Amino acid sequence: NNTHQRYKHAISSGINAEYGQAASANSNLKRVTLELGGKSPNIVFDDCNLEQAVAQAHMGVFFNVGQCCCAGTRLYVQEGIYEKFVERMVQKAQARVLGDPFDRKTTHGPQIDDVQLDKIIGLCGSGVEQGARLMTGGAQHGDKGYFMQPTVFADVKDDMDISTQEIFGPVMQISSFKDEDEVIERANNTNYGLAAAVFTNDINKIYKISGAVNAGHVWANCYNVLVCQSPFGGYKESGFGRDLGEYALSHYTEVKCVTIAVPQKNS
């Protein structure tokens with residue numbers, strides 16, 4: 001579109017990579033900063049503070065009814081606390097209050113539209129068909145509006161649709177793991193790389209996981225903590241460029257080199 005020629009930079013969130021690249025190529029090769037969503041892994045070790053991990057992992061998925069680009073929907077929980085963790089997650093999901101988002105008692109509002117609701121329901125159906133253990137939810141709530149039941153799947157395999165596709169809804173997928181090397185490999189087995197998290201009381205595990213996981217932002221013993229000083233953006237198909245922090249300023253500046261001939265050198 002010729003009306004875009006005078007703009008030098010476009011920032012987009014939640015679109016696909018092909019659209020963003022086309023927006024640049026079809027105009028004046030403007031810079032494009034893309035934040036394209038993800039399938040973020042949340043790794044919970046059995047030496048964590050369980051109460052803290054449960055609360056943060058719950059918020060990491062169900063914040064904004066799952067309509068969050070960095071939602072930690074792929075939960076990897078170590079075997080020693082797996083069943084206890086799943087049980088607690090089901091309890092918290094079932095305790096959410098669905099209703100009018102303008103009502104202060106409501107903790108769980110609607111999805112954005114009927115298309116998104118149908119997509120979420122369809123993916124939940126595929127989860128059941130492919131063998132995941134549906135612990136709660138999985139269907140529309142009521143017959144008015146676009147409300148999706150808070151949903152928790154357990155025993156999710158890495159190749160299931162609910163584990164590979166960005167659902168963008170209130171659907172948590174939980175898997176168990178044995179050790180650090182296994183979970184690192186599984187966490188990185190995705191086309192996305194926006195965010196990740198690790199819960200443990202062992203600082204060495206935090207260093208190892210945060211360094212090894214291919215994600216632009218890694219939280220340790222917390223989730224969705226964003227501050228203006230910290231750059232935010234993704235690896236791989238989660239986009240390129242960074243928002244926030246000093247790194248973001250590079251998108252709005254150009255480097256210029258000026259070379260001046262000096263007729264006489266006096267020093």
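The values are calculated or read from the model by the stated rules, or taken from the named source; none is laboratory data. Nothing here was measured: the structure is a model prediction, and the numbers come from that model. Cβ: placed from backbone, ideal geometry, glycine included. Neighbour counts: every protein chain shown. Note: areas computed on protein heavy atoms with side chains; ligands, DNA, RNA excluded. Shrake-Rupley method; radii C 1.70, N 1.55, O 1.52, S 1.80 Å.
Only aspartates and glutamates eight or more places from K205 in sequence, or on another chain, were considered; those with a Cα closer than 20 Å are D46, D47, E51, E79, D179, E180, D181, E182, E185. Taking 0.36 nm per residue of separation and subtracting the current Cα-Cα distance, fully stretching the chain between D159 and K84 would add 24.6 nm. What are the aspartates and glutamates whose alpha-carbon lies under 12 Å from the alpha-carbon of K236, with same-chain residues fewer than 8 places away excluded? Output for K236: E35. The lysines whose alpha-carbon is closer than 18 Å to the alpha-carbon of K265, local same-chain residues fewer than 8 away aside, do not include any residue.
Could you work out [θ]222 nm for the chain from helices alone, using -39500 (n - 2.57) per DSSP H run of at least four and dividing by all its residues? Round to the nearest 500 deg cm²/dmol. Mind dumping the intermediate values first?
On the way: 7 runs with 73 residues, N = 267.
Per the formula, -8000 deg cm²/dmol.
Looking at the range 163-227, the accessible area is 41 square angstrom per residue; that uses a 1.4 Å probe and ignores ligands, DNA and RNA. Roll a 1.4 angstrom probe over the protein heavy atoms and tell me the percent of accessible area of the chain that is carbon or sulfur. It is 51 percent, rounded to a whole number. Shown for the range 56-166: lysine pairs separated by 8 or more places, or found on different chains, whose C-alpha atoms are under 24 Å apart, numbering 9. Spin-label model, I203/D100: points 7 Å from Cα along the beta carbon direction are separated by 5.1 nm.
Hey, what's the range 39-122 come to in accessible area per residue, 1.4 Å probe, Å²?
Details: 3780 Å² over 84 residues.
It amounts to 45 Å² per residue over the range 39-122.
Within the assembled protein chains, the solvent-accessible surface assigned to Y146 is about 90 Å², based on a 1.4 Å probe.
Placing L34, L134 in order of accessible area, with the largest value first and a 1.4 Å probe, yields L134, L34.
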